[in-house]
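The values are calculated or read from the model by the stated rules, or taken from the named source; none is laboratory data. Bear in mind the structure is a predicted one, so any value in this text is a computation, not a measurement. Virtual Cβ from ideal backbone geometry, glycine too; neighbours counted across all protein chains shown. Surface areas here come from the heavy atoms of the whole protein model, side chains and all, with no ligands, DNA or RNA. Shrake-Rupley method; radii C 1.70, N 1.55, O 1.52, S 1.80 Å.
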Amino acid sequence: MTALTTPAAPLAEERAPARRGPRWRRTALPYLLLAPALVTFGVFKAYPIVDSLLLSFTTGNGAAGHADGLANYRRLLDDPLFWTALRNTGEMLVVQVPLMLALALLMAVGINSALVRWRAVWRLGIFMPAVTGLVATGVMFSFLLRTEDGAVNRLLEAVGLPAVDWLGQPFWARMAVVLVLSWHYTGYNAVIYLAGLQSIPRELYEAAMVDGAGPVRRFTAITVPALRPLLLFTVVLSTIGTLQLFDEPYVLTGGGPDNATLTVSMYLYQNGFRYFDFGYASAIAYALTLLVSVLGAVQMRLMGERER
Amino acid sequence: MSHLSRRDLLRASGAGLLALAAGGTLAACGSGSGGASGGDAETGTVTVWSWATAAAALRGVVPAFEKDNPGIKVDVQDIGNPAIWDKITVGLAAGGQGLGDVLHIGCDYLPGYLEKFPGGLADLSAFGADAHRDKFAKGLWPVVTGKDGHAYALPWEANPLGFFYRKDYFDKAGIDPTTFATWDDLLAVADRFKAANPGISLLGINKAANPDPDLDFVQSLMQLQGAFYFDLQGKITLGSEADVRALSTLKRLDDTGLVADAPGAQGWSTLMKAGKLAVAPMPAWAAHYLESKFADQSGNWRLAKPPAVTPGGKRAALVNSTHLAVAASSPRRRAAWKFVEYALTRPASVNSMFTAGGVFPALTTAYTDPMYAAPSAYYGGQPVLKTFADLAADGGDPTNYSGDYARALKLASDAQTKVFLKGADPAAVLQDAAKQLAQQTGRTIA
């Protein structure tokens, strides 16, 4: 250890006489360079974060706003709509995240296969939805999912299945959101997995094949363990993303019918920007933050453990 | 197009209400409201904030006004809707900074502004506004009156409810809708209508409320009974007997199978275009709207008085209204008031604005103009404006949209969706909604 640190010290001393100005000026420089980022962060992130915490302890708006302690948080616990939103979010999370990630993994393995041609085309096709704009997505799917003449229902009818009232029935509306959400983000996750797959040394597979391992065995014994860090990463990110779910129900269902697709973020938005109840909306935001942190930590614990 | 914009505004005005939002944050920062240090100058340039064709219509009044009132210039600005709500709120929250002198305000915003920014709008009673109270359709004065009994705006547009129907369809079934005294009379002949007109529905409603609530019909049934989500004191009446009766009437209509689902923002127009709807229970602005939007159905539509909800009940309702107010912060409040008075209390002004911008006047003395008696070819020669003028003259019961309209609308919409999708009991869902509304707003249930 000492052998390593000794040469470093004289180096620093050597540089010291070459200073071009007072010490504070040298130490200020990095902060100066960081200033744009720090100021922007302060104004657009830190200030709103602190302010919304303070707001969450107030009630009323306009001239009638006043401090009200924990009233908003107590109200939250008694609010049936908040619990509905939480349950909806939970249900979509449990169905959507595993489904999407499994699909993404299969896609990545498929594209990575040596047998596939035009790989760039497939990759592009898979990733395209991730860069599609929110409004375009909403318009496109509201056409595709139309009950009377939507392409999805036409397809269902063509194979002899009954048409589905996608956006008018609570259950199907939730499924529609799951569908669009998966469409939107599967490709994104697949590309992450693909990068992981390409970094797995080919020799491992060759050695396994020599040992007589079949394709399934190779997948479970080599591919999945090698991708573990990436799996953890995508599971946590997708969970956080789905907990904050807003875009898809916003453009597709507006949270309906009868709040079947109301998510916590949508409820937050309604309270803040439709009813101007900023105190309450802030309280919802903090409840969501708490939830995201706890769930994220639990996942890291459970899945990251074997890593050590 | 004016109708479209107004329709969007007055229909689902839950959307885009950024207005009070900004006020919330600004006032929370301590700037407060009120504190308007305006003046009562009688001359100067009066700035008027309005939107779309209403603004254009107001501009038409300006030359005559400026001629009659030397020393006052008027600048009408089209702020746009919904942007205007945002700007008014920010202005009120800033104690009147940058606010126009005259403000065009809808019935769904006025109570919120009065509640949240006391002292933000000028007391017009001080200028003698009360002298005009009986000139406007009955039911509108309480809407512009504050808790102190003083007037804070003058009514401009009023929308009496009508009952448009397809005469050809009803003829086929041998039914004459002008004989309906109550909605029950319509229910009684529903089967006959259905047998004669397969595939045709009476009403089209966005049952899943996607993307926006579709409560116009139920609200107007409430208003026909002098009821709404709130009473005039601001207490919650969402679970009241009258409100339950309104939703039950819709449920019974739906049970006959004659209420079509109109999904999405365009659902209703699509059904209308296809000629699948036989009834349009819509207010005065629809007279021109139907004519321009569904021109090919010319000659098929007629207008009747809306049926009552209860036997012997009221057959007139004012579903919504817009108003002109004066900002308390204006340094030339008297000049601003002069313009408001000139524009809204003279039959010649409001009628020219009706012709130019389609703003159906609240001023009942305007209805003697011959244009109201003119037959309309689209409605088979029926003078539909006359019917609306009569309905407006009958007047409605005042409706208090309150400062919590957006919440009430959403909860009522959820209740209606439950009735449509799950066959829920109207009384149960509305009383539940009333409880939630009380929980959310801190208001008491009447």
For the stretch B:154-171, in order, what is each residue's ³J(HN,Hα) by Karplus, 6.51 cos²θ - 1.76 cosθ + 1.60 with θ = phi - 60°, in whole Hz (x at glycine and Pro)? 10, x, 10, 9, 10, 10, x, 6, x, 10, 7, 9, 7, 4, 4, 5, 5, 4
Charges at C-beta only: +1 for Lys and Arg, -1 for Asp and Glu. How large is the resulting dipole of the stretch B:324-446 about its Cα centre, in Debye rounded to 20? 540 debye
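Within a Cβ distance under 14 Å of residue B:79, other residues only, what is the Lys/Arg minus Asp/Glu net charge?
Neighbourhood net charge equals -2.
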The stretch A:95-223, relative contact order [Cα under 8 Å, separation at least 6], %: 35 percent
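Which three semi-axes in whole Å describe the equivalent ellipsoid of the stretch B:238-299, each the square root of 5 times a Cα gyration tensor eigenvalue, listed largest first?
26, 15, 11
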Just tell me which aspartates and glutamates come within less than 13 Å, Cα to Cα, of residue B:276; anything on the same chain fewer than 8 places away is out. B:168, B:261
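Tell me, what % of the accessible area of the protein assembly as shown is carbon and sulfur with a 1.4 angstrom probe?
62 percent
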Using DSSP to call loops (not H, G, I, E or B), can you name the trypsin sites (Lys or Arg not before Pro) in the stretch A:92-123 whose Cβ has at most 12 other Cβ atoms within 10 angstrom? A:117
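Can you pull out the chymotrypsin sites (Phe, Trp or Tyr not before Pro) in the stretch B:143-214 whose DSSP state is coil and whose Cβ has at most 10 other Cβ atoms within 10 Å?
Here no chymotrypsin sites (Phe, Trp or Tyr not before Pro) fit, given the DSSP loop and packing criteria.
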Within-15-Å neighbourhood charge of residue B:336 [Cβ basis; K, R +1; D, E -1]: -2
Classify the stretch A:146-270 from the C-alpha gyration tensor, please: rounded if a/c falls under 1.5, else prolate or oblate depending on whether a/b exceeds b/c. oblate
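Cα-Cα over 22 Å: which of B:207/B:305; B:87/B:435; B:235/B:435; B:314/B:386; B:194/B:386; B:235/B:422? Mind dumping the intermediate values first?
Numbers: B:207/B:305 26 Å; B:87/B:435 33 Å; B:235/B:435 12 Å; B:314/B:386 19 Å; B:194/B:386 31 Å; B:235/B:422 29 Å.
Result: B:207/B:305; B:87/B:435; B:194/B:386; B:235/B:422 exceed 22 Å.
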Please tell me the relative contact order of chain A in percent, rounded to the nearest whole number, where contacts are Cα pairs under 8 Å and at least six residues apart. 26 percent
Calculate the dipole size of chain A relative to its Cα centre from +1 charges on Lys and Arg beta carbons and -1 charges on Asp and Glu beta carbons; express the result in debye to the nearest 20. 1280 debye
What is the average number of partner chain Cβ atoms found within 10 Å of a Cβ in B:206-218? 4
May I ask you to find the residues of the stretch B:98-122 that are shielded by at least 30 Å² of accessible area once the whole protein assembly is considered instead of their isolated chain (probe 1.4 Å)? B:116
Taking chain B as the reference, fit the longest principal axis to its C-alpha atoms, fit the long axis of helix B:405-422 to the helix C-alpha atoms, and give the angle between the two in degrees, 0 to 90, nearest 10. 10 degrees
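Using only helices, what value at 222 nm comes out for chain A when you add -39,500 (n - 2.57) per DSSP H run of length 4 or more and divide by the total residues, to the nearest 500 deg cm²/dmol?
Rounded to the nearest 500, the figure is -21500 deg cm²/dmol.
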For residue B:338, counting only lysines whose alpha-carbon sits under 19 Å away and dropping same-chain residues fewer than eight positions off, the answer is B:67, B:73, B:135
Assuming a ≥ b ≥ c are the square roots of the Cα gyration tensor eigenvalues, decide whether the stretch B:57-106 counts as rounded (a/c under 1.5), prolate (otherwise, with a/b larger than b/c) or oblate. oblate
Whole number in Å², please: accessible area per residue of chain A, 1.4 Å probe, ligands, DNA and RNA not counted. 59 Å²
Treating the angle as unsigned and between 0 and 90°, give the value, to the nearest 10°, between the Cα long axis of helix B:347-357 and the longest Cα principal axis of chain B. 60 degrees
Between helix B:2-11 and chain B, what is the angle of the helix's C-alpha long axis to the longest principal axis, kept within 0 to 90° and rounded to the nearest 10? 80 degrees
With a ≥ b ≥ c the root eigenvalues of the C-alpha gyration tensor of the protein assembly as shown, is it rounded (a/c under 1.5), prolate (a/b larger than b/c) or oblate? oblate
Once Lys and Arg get +1 and Asp and Glu get -1 on their Cβ, which of A:280, B:126, B:169 lies farthest toward the positive end of the dipole of the protein assembly as shown? A:280
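Using a probe radius of 1.4 Å on protein heavy atoms only, what is the accessible area buried between chains B and A, both sides summed, to the nearest 100 Å²?
2400 Å²
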Send over a whole-number figure in Å² for the accessible area per residue of chain B, probe 1.4 Å. 34 Å²
Give me the net charge for the shell around residue A:92: Cβ to Cβ below 11 angstrom, other residues only, Lys and Arg +1, Asp and Glu -1. 0
